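To keep things clear, I will list the structure first and then write my remarks on it.
Just so it is clear, none of the values below were taken in a lab; they were calculated from the coordinates. Predicted model only: the values in this text are computed from it and were never measured. All Cβ positions, even for glycine, are placed from backbone atoms using ideal geometry, and neighbour counts span all protein chains on display.
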Amino acid sequence: MDISKRTLSSLEESVLKNDLSDVQGWVDGAINGKINNCKKRMVKEWLPKLYADDSVSSIPASEDEIVALIVARDDYKNRAARDAEGD
């Protein structure tokens, strides 16, 4: 996925540069932090489900491999799909 770029106005850029020495570095760090937090919540939510599923014979050691296992399941739904079901 390619994240769309947002062009800052000169005023917005000035405001950010008042507090941040590296705006792009901060944005990259914020995205990476959000990914890490979402991954931790996802793994925490799904590990009990995987342990309880008799069809799961093994669970990978790495979080990235666990996420790959989760999203490959037929019963996995991302946020948009879960929200659509709620409507």
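Some notes on this structure:
- Local electrostatic count, residue 22, Cβ distance below 13 Å [Lys/Arg +1, Asp/Glu -1]: -2
- When only the Cβ of Lys, Arg, Asp and Glu is charged (+1, +1, -1, -1), the dipole of the chain relative to its Cα centre reaches about 160 debye.
- Applying 1/(1 + (r/R0)^6) with R0 = 25 Å to the Cβ-Cβ distance of residue 35 and residue 56 gives a FRET efficiency near 0.55.
- Residues residue 13 and residue 78, FRET efficiency given R0 of 22 Å [Cβ-Cβ distance, rounded to 0.05]: 0.10
- Extending 7 Å from Cα along the Cβ direction at residue 24 and again at residue 65 yields two label points whose distance is 3.5 nm.
- Positive end of the dipole of the chain (Cβ unit charges, origin at the Cα centre): among 59, 15, 29, the Cα lying farthest that way belongs to 15.
- Distribution of pairwise C-alpha distances over the chain, 10 Å bins, in %: 13, 33, 25, 19, 9, 2
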